[in-house]
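A.B. asks: Starting off with a structure, shown below.
Just so you know, all these numbers are worked out from the coordinates, no wet-lab data involved. From a predicted model like this one, the values you see are computed outputs, not experimental measurements. Backbone-built Cβ (ideal geometry, glycine too); neighbour counts: all protein chains shown.
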Amino acid sequence: MAGAVGRPRKHSPRRKGSTAREEILDASAELFTTQGYATTSTHQIADAVGIRQASLYYHFPSKSDIFISLLKSTTEPSMQIAETLSEAGGTPSLRLWALVAAEARLLLSSRWNLGRLYQLPIAVSEEFAEFHHERAALARVFEEIAEDIVGAGDPRAQLPFLLSQTVTEMRPNNGTAPFSPSGEQALPDTAIMLADAALKVIGAELPAERVAWCVGVLNQAEANADEK
């Protein structure tokens, strides 16, 4: 009888994820955020997934490729939402509120606290220049919308993006996502609180329809992503 086809596991699946690639990212996210990048080896990642180390390289050429994939998972969805926002119209206050809420929601929806990756020394390496460019572009989107409210060059315009990132210090890193986008509640309370704070800190009024409008934008962004 012919042997099993494919790359064998050392053990049965033990990670979250519907594919081996997702399981590798989940294990890497845990190890990077709990013990750091430099002290995490590909052998440890493979062992945490339950695959052979050689099989890991079938999905990711190197440890740095895993790291950049995790980093980009924190910016690419937000850039897609920002694109949807630019097409949705709405006042600057509505768009800024929605962007802050969406960014906080994203960082609260992962099992591991991926915002901690930004704090690792390796994250500033030139090796990850593509991510630095993407994150700077995202921060600039926040700033440009805020400048529509407070005026160009006003230093307060930098605050909404920084506020959205504080969610990293407000959530645990225990393998359980604080928020599930598939649940009944469309936005986590923490995201709503931070989005409210972002408008208040620049002196903008809170639009009455902000939550419903944001949810509509998020739904449209997800539909757009499914079409691509």
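A.B. asks: Towards the positive end of the charge dipole of the chain, with charges on Cβ (+1 Lys, Arg; -1 Asp, Glu), say which of P188, Y37, A177 has the farthest Cα.
C.D. replies: Y37
A.B. asks: Between G90 and residues 5 or more places away or on another chain, which pairs have amide H atoms under 5 Å apart, with H built 1.01 Å from N, and which residues are they?
C.D. replies: The list, which skips near neighbours in sequence, is empty: none.
A.B. asks: If each of L120 and Q185 carries a label point 7 Å out from its Cα toward its Cβ, how far apart are those two points in nm?
C.D. replies: 3.0 nm
A.B. asks: In the stretch 66-203, if the dipole is taken from +1 on Lys/Arg beta carbons and -1 on Asp/Glu beta carbons about the Cα centre, which of A136, I149, V201 is farthest to the positive end?
C.D. replies: Comparing the listed Cα positions along the dipole, V201 ranks first.
A.B. asks: Based on DSSP H assignment, which helices of the chain show an axial Cα extent of at least 15 Å together with a mean Kyte-Doolittle hydropathy greater than or equal to -1.0? Don't skip to the answer; put the middle values down first.
C.D. replies: Numbers: long enough: 20-35 (22 Å, -0.24); 76-88 (18 Å, -0.32); 92-108 (24 Å, 1.08); 129-150 (31 Å, -0.03); 189-201 (18 Å, 1.06); 210-227 (26 Å, -0.04).
Span-like helices in the chain: 20-35, 76-88, 92-108, 129-150, 189-201, 210-227.
A.B. asks: Arrange the peptides 164-172, 19-27 so that the one whose residues have, on average, the most other Cβ atoms within 10 Å appears first. Could you put the intermediate results ahead of the total?
C.D. replies: Details: 164-172: 17.7, 19-27: 19.8.
Final packing ranking: 19-27, 164-172.
A.B. asks: For a quick protection proxy, order the peptides 86-92, 192-198 by their average other-Cβ count within 10 Å, most packed first.
C.D. replies: 192-198, 86-92
A.B. asks: Based on Cβ point charges of +1 for Lys and Arg and -1 for Asp and Glu, what charge dipole magnitude is obtained for the chain about its Cα centre, in debye rounded to the nearest 20?
C.D. replies: Taking the Cα centre of the chain as origin, the dipole is about 1140 debye.
A.B. asks: Using Cα pairs closer than 8 Å and at least 6 residues apart in sequence, work out the relative contact order for the stretch 70-227, in percent.
C.D. replies: On the way: 194 pairs, mean separation 59.2, N = 158.
Reported relative contact order: 37 percent.
A.B. asks: Ranked highest first by average number of other Cβ atoms within 10 Å, how do 144-152, 132-140 line up?
C.D. replies: 144-152, 132-140
A.B. asks: With n ≥ 4 as the cut-off for DSSP H runs, can you work out [θ] at 222 nm for the chain, using -39500 (n - 2.57) per run divided by the number of residues, rounded to the nearest 500?
C.D. replies: -18000 deg cm²/dmol
A.B. asks: Round to a whole angstrom and tell me the spacing of the C-alpha centers of the stretch 171-197 and the stretch 81-140.
C.D. replies: 15 Å
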